[in-house]
Amino acid sequence: MTTSPVPARAGRRAVLAGAAALAVAGVAFPAAPAHAVNAAHAVVVGAKPAAWTPHALDGTVYRILQVGNRVYLAGSFTKVRNANTSTQLAMPRLVAFDATTGRIDTTFTPVVNGTVKALAASADGRSIYLGGAFTTVGGVAAPRVARVDAVTGARVAGFAPAALNNQVNDMRLVGARLLVAGAFQTVGGVTRRALAALNATTGAADPAVNLRLEGPRVTSSGVTAPVKIEAMDVSADGRRLVFAGNFSSVAGQARHQLAVANLTATGAALSGWSTVRYQPRCSKSIPTYLRGVDIAPDGTWFTAVTTGGPFPGTLCDAAARFELGAETAGRQPTWVNYTGGDTLLSVAVTGAAVYVGGHQRWLDNPSGRNAAGPGAVSRPGVGAINPTTGRALAWNPTKDRGVGTAELYASERGLWLGSDTVTVAGEYHARVAFLPLP
């Protein structure tokens, strides 16, 4: 088990350098994700938010991405404003601002007609890929996926993605492929449920990624929802894909809500890694309960977070660490941290901490049933877990709960929070906040 923190500014950049060395040696594998999510940190971030971040005045911030010294917010919001001003700016669903001053860039003006839930940067950082529920960008058809200029927000010429028939929830750029995941069932009119790949340059459907997700879980009323993926992550070396959703079969093999795939230059193949711990049902009204996954910067383990209610013996309303290691069946979590009855929606693993967000009231609460059980610690809205022991760290900025913290994103300088609420550490930080490294 590898749990030692990776120094900030070294972690994933070092991995990328190692990947380049392998490529020179002639080893065939996909290029690592550009501007990979969640940087490695040597220490836990501070508990006091920066005062300069902008505010989103309605809706929810679902995704945050930093490219160079620019930060992008995506979500369902329609109005924003700079810190320490009262002037509202109509900049719906996608906005850019300076990562040092927080000043909103009013020259970045994409026109997106629906919620944006996923972001990825191009390999050169000059453009941004978008995914979500939208159907047009800049007044031109863009069914759930688009590519825009990172400076102006204008559509990038030549990128005409194959049409997806439903929402995108997450995406990752891996080499020449843009992996997309969500609730769609077809891509370019061809069946490709919940997970697919597009050519990163043209947007054409890439048939090399076809893991055949099947078997959606059934609600208490017997309703079968379409197969979907809630969240996914790719290791920093671009070789492992972890994804979570409402499926029960992947590539003809039993996989209950959570699966691992191996990525190569020729496509994707289901890994032998599997667990049955997400097979049991929790709340009858929530047949599928995984909400977020994140792979550690060193690529050897990941954490998954869930909703579902407090049900003894299950992994509902909990964060669980799993080792990637051997590609074998029947994997058990290294540790589990329970909220005692509250939903976790997001997770960011940095090496120094496993940050979790949702509308939870507590951590370290395995005996709690919508109450603080023995040993429970108050961690409203956001908390941090020791990567080795699985116990809550002392870090506790506090946050109003709402629907919950939808996004946790670790940059090289700290931790970004995105949500539907307005208070962090007792201060006004509407739907976005930044907690710097000390």
Query raised in the report: In the range 412-430, which residues are within 15 Å of Val43 (Cα to Cα) and open to solvent by 10 Å² or more (accessible area, probe 1.4 Å)?
Result: Glu412, Arg413
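Being basic (Lys, Arg) and either in contact with a Ser or Thr (Cβ under 8 Å, 6 or more places away or on another chain) or more than 17 Å from Val347 (Cβ to Cβ) (or both) is the filter here; which residues of the range 381-438 pass it?
Lys399, Arg401, Arg413, Arg431 - these are the residues of the range 381-438 that are basic (Lys, Arg) and either in contact with a Ser or Thr (Cβ under 8 Å, 6 or more places away or on another chain) or more than 17 Å from Val347 (Cβ to Cβ) (or both).
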Report task. Could you check, for the range 6-16, whether at least one of its residues is modelled with pLDDT under 95, in a loop (DSSP other than H, G, I, E, B), in contact with an Asp or Glu (Cβ under 7 Å, 6 or more places away or on another chain) and open to solvent by less than 60 Å² (accessible area, probe 1.4 Å)? Result -> yes
Query raised in the report: If you go through the range 56-71 one residue at a time, do you hit one that is within 29 Å of Ala296 (Cβ to Cβ), among the aromatic types (Phe, Trp, Tyr), modelled with pLDDT of 95 or more and under 19 Å from the mean Cα position of the chain (by Cα)?
Result: yes
Report task. Answer with yes or no whether Ala157 is assigned to a strand (DSSP E or B) and more than 27 Å from Thr264 (Cβ to Cβ). Result -> no
**Report entry** Identity of the residue in the range 264-298, among the small types (Gly, Ala, Ser) and closer than 16 Å to Tyr338 by Cα, that ends up modelled with the highest pLDDT
**Finding:** Gly292
Query raised in the report: His256 passes all but one of (1) at pLDDT below 95; (2) surrounded by fewer than 23 Cβ atoms within 10 Å (Cβ to Cβ); (3) of a type outside the set (Asp, Glu); which number fails?
Result: (1)
Requested in this report: Looking for whichever is at pLDDT 95 or above and in contact with a Ser or Thr (Cβ under 8 Å, 6 or more places away or on another chain) here; the options are Asn210, Asn165. Which one fits?
Outcome: Asn165
Report task. Of all residues in the range 391-418, count the ones that are small (Gly, Ala, Ser) and closer than 23 Å to Pro438 by Cα. Result -> 6
Report summary line: The one condition Asp105 fails out of (1) more than 19 Å from the chain's Cα centre (by Cα); (2) buried (at least 24 other Cβ atoms within 10 Å of the Cβ) is (2)
Report summary line: The residue from Thr87, Thr60, Thr53, Thr109 that alone is free of Cβ contacts under 8 Å to residues at least 12 places away in the same chain and out of contact with any helix residue (DSSP H, G or I) (no Cβ under 8 Å at 6 or more places or on another chain) is Thr87
Requested in this report: Name the residue, out of Ala352, Ala371, Ala376, Ala318, that is of a type in the set (A, V, I, L, M, F, W, C) and either open to solvent by less than 10 Å² (accessible area, probe 1.4 Å) or within 25 Å of Arg255 (Cα to Cα) (or both).
Outcome: Ala318
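Matching residues to (1) within 16 Å of Ala120 (Cβ to Cβ); (2) in contact (Cβ under 8 Å) with a residue 60 or more places away in the chain; (3) in contact with an Asp or Glu (Cβ under 9 Å, 6 or more places away or on another chain); (4) part of a strand (DSSP E or B):
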site	(1), (2), (3), (4)
Asp170	yes, yes, yes, yes
Arg193	no, no, yes, no
Leu211	no, no, no, no
Pro216	no, yes, no, no
**Report entry** Matching entry among Ala150, Ala157 (being modelled with pLDDT under 95, aliphatic (A, V, I, L, M) and over 24 Å from Thr423 (Cβ atoms))
**Finding:** Ala157
Requested in this report: Filter the range 186-214 down to the residues that are small (Gly, Ala, Ser) and open to solvent by 30 Å² or more (accessible area, probe 1.4 Å), then identify the one that is farthest from Asn262 (Cα to Cα).
Outcome: Gly189
Query - Within the range 268-350, strands (runs of 3 or more DSSP E) holding 2 or more residues that are closer than 18 Å to Ala392 by Cβ and among the aromatic types (Phe, Trp, Tyr) - result: 335-338
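Restricting attention to strands (runs of 3 or more DSSP E) lying wholly within the range 371-438, give those where 1 or more residues are without any contact (Cβ under 8 Å) to a residue 40 or more places away in the chain.
Strands (runs of 3 or more DSSP E) meeting the threshold: 382-385.
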Query raised in the report: Within the range 114-152, which residues are over 19 Å from the mean Cα position of the chain (by Cα), open to solvent by less than 10 Å² (accessible area, probe 1.4 Å) and closer than 23 Å to Gly175 by Cα?
Result: Ser127, Ala142, Val148, Ala150
Query - Considering residues of the range 241-253 that are of a type outside the set (Ser, Thr, Tyr) and not in a loop (DSSP other than H, G, I, E, B) only, the residue surrounded by the most Cβ atoms within 10 Å (Cβ to Cβ) - result: Gly245
Query raised in the report: If the Cβ limit is 6 Å and pairs must be 6+ apart or interchain, which residue in the range 231-253 that is without any contact (Cβ under 8 Å) to a residue 40 or more places away in the chain and closer than 23 Å to Gly299 by Cα pairs with which residue that is hydrophobic (A, V, I, L, M, F, W, C) and open to solvent by less than 10 Å² (accessible area, probe 1.4 Å)?
Result: Val250/Leu211; Val250/Leu213; Val250/Ala259
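The values are calculated or read from the model by the stated rules, or taken from the named source; none is laboratory data. This one's a predicted model, so the numbers in the text were calculated from it and none came from an experiment. Reconstructed Cβ throughout: ideal geometry from the backbone, glycine too, with neighbour counts over all protein chains shown. Ligands, DNA and RNA are stripped out before the accessible areas are found, and what is left, the full protein with its side chains, is counted by its heavy atoms. Shrake-Rupley method; radii C 1.70, N 1.55, O 1.52, S 1.80 Å.
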